[in-house]
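First up is the structure itself, then whatever we jot down about it.
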Amino acid sequence: MDINSLNEAKKAIQLRREIALEKLSKAKEDFSSNEEYASIIKQIKLNTLNLSKALANNSDLSKYEKNDIILNKKLKEFEDKYLNPNNFFHCPICQDSGISNGKYCKCLIDAYKQILRNKSGINELPVFTFEDNKIANIDCKQSKPLNKLYDSMLKYCEEFPNNKFKNILLCGKVGVGKSCLLSSTLNKLLDNGVNAQYLTAFHLNSLFLKYHTTNIKEREHIFSNLLKAEVLIIDDLGIEPIIKNVTIEYLTVLLTERINKHTIIATNLSSNEIQDKYGDRVFSRLTNKDTTKLLYLDGDDLRHKNK
């Protein structure tokens, strides 16, 4: 788990609890002056006093014992309706503590996943999941191979982080379905609580330039998310301009630093075009047979198929 995101989730849950406790405290104060509530409390006290007197005089207790049951039931129903803590807490399971039976409560896990999602860059992708895949019903050249890719990437998500290949290089022309496949993959990883980050190569190049031109103290923050992400997804590699002493150099550094982490890259370029544009150092890191699975997708432009 990403520690920073987890701590953010814990703070959010703690704030929920503080707000809930404040509301509960205010409700109790308000009910202390409620006439019906005060009347029940008064009746219980009086019945308890009468019960004590009857006990001291060896009198019949049944009347007072029966009243005690009725009054306390009435009090409980009243408090359950207006002062039940579960009516104030966001999560009745852990009462907004974030812990249930010694483990992280579902509410904390959900908050953590939402924070990961907010940081992931997923809004730059089309809204698409594995469940939305209907490629088998579309008349196009890539129907079968793309459907197999969906199965493969779903398996990748389910097996993470114990995958045979840490890196994936997906090559294919514009419109063949790469972005929806990436969106499905990112959505599934985030649903599984994986710290996954998405950005385009153009955005990545802008970060490289910012890193190159900023002062040393601020550099670490710029690069940290790229390096800490359990899965980094880079889309449209090749659309970005090559900035001298920046693009190729920092891309090489990033791929080298992430050698033990998972990186997924999609590009419109062929492997030969990647080598021509980025050189041998980047090419060797992107196509290492021991760590990278190369996927090629050819076919029709699905944007026209959907019109």
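The values are calculated or read from the model by the stated rules, or taken from the named source; none is laboratory data. All values reported here derive from a predicted model rather than from experimental measurement. Quick reminder, even Gly has a Cβ in these numbers, built from the backbone with ideal geometry, and neighbours come from all protein chains shown. The accessibility values were calculated without ligands, DNA or RNA, using every heavy atom of the protein model including side chains. Shrake-Rupley method; radii C 1.70, N 1.55, O 1.52, S 1.80 Å.
Lys81 satisfies every condition listed in (1) outside any loop (DSSP other than H, G, I, E, B); (2) farther than 30 Å from Leu116 by Cα; (3) modelled with pLDDT under 85; (4) open to solvent by less than 100 Å² (accessible area, probe 1.4 Å) except (4).
Out of the residues in the stretch 242-275 meeting the condition of being more than 16 Å from Leu169 (Cα to Cα), in a helix (DSSP H, G or I) and not hydroxyl-bearing (Ser, Thr, Tyr), tell me which one is most open to solvent (accessible area, probe 1.4 Å). Result: Glu257.
Taken across the stretch 217-234, residues that are within 17 Å of Asn163 (Cβ to Cβ), part of a loop (DSSP other than H, G, I, E, B) and open to solvent by less than 10 Å² (accessible area, probe 1.4 Å) do occur, with at least one present.
Taken over the stretch 119-133, the residue count meeting the criterion of being open to solvent by 90 Å² or more (accessible area, probe 1.4 Å) and not in a helix (DSSP H, G or I) is 1.
Scanning the stretch 134-188 for residues that are basic (Lys, Arg) and surrounded by fewer than 17 Cβ atoms within 10 Å (Cβ to Cβ) turns up Lys134, Lys141, Lys144, Lys148, Lys155, Lys164, Lys173. The one condition from (1) open to solvent by 30 Å² or more (accessible area, probe 1.4 Å); (2) modelled with pLDDT of 95 or more that Asp60 does not meet is (2).
When the stretch 189-215 is limited to residues that are of a type in the set (S, T, N, Q) and open to solvent by less than 40 Å² (accessible area, probe 1.4 Å), the one that is farthest from the chain's Cα centre (by Cα) turns out to be Thr214.
Close contacts from the stretch 12-41, counting a first residue that is within 20 Å of Ile70 (Cβ to Cβ) and a second that is charged (D, E, K, R) and modelled with pLDDT under 90, with Cβ to Cβ under 7 Å and a gap of 6+ residues or different chains, come to Ile40/Lys74. If only residues of the stretch 88-104 that are open to solvent by less than 60 Å² (accessible area, probe 1.4 Å) and in a loop (DSSP other than H, G, I, E, B) are counted, the one that is modelled with the lowest pLDDT is Phe88. Of everything listed in (1) open to solvent by 60 Å² or more (accessible area, probe 1.4 Å); (2) in contact with a Gly (Cβ under 8 Å, 6 or more places away or on another chain); (3) within 30 Å of Asn260 (Cβ to Cβ), the single unmet condition for Leu116 is (1).
Quick test for you: out of Leu199, Leu149, Leu181, pick the one residue that is of a type in the set (A, V, I, L, M) and in a strand (DSSP E or B). Just a single option satisfies the conditions, and that option is Leu199.
Listed by first and then second residue, the pairs with beta-carbon distance under 8 Å, at least 6 apart or on different chains, first residue in the stretch 194-216 and more than 18 Å from Thr267 (Cβ to Cβ), second of a type in the set (D, E, K, R), are Val194/Glu230; Asn195/Asp2; Asn195/Lys228; Asn195/Glu230; Ala196/Glu230; Tyr211/Arg219. I'm trying to understand the selection: among the residues of the stretch 276-293, which are touching a residue at least 40 places away in the same chain (Cβ under 8 Å) and either in a helix (DSSP H, G or I) or in contact with a helix residue (DSSP H, G or I) (Cβ under 7 Å, 6 or more places away or on another chain) (or both)? Residues satisfying the conditions are Leu286, Thr287, Thr292.
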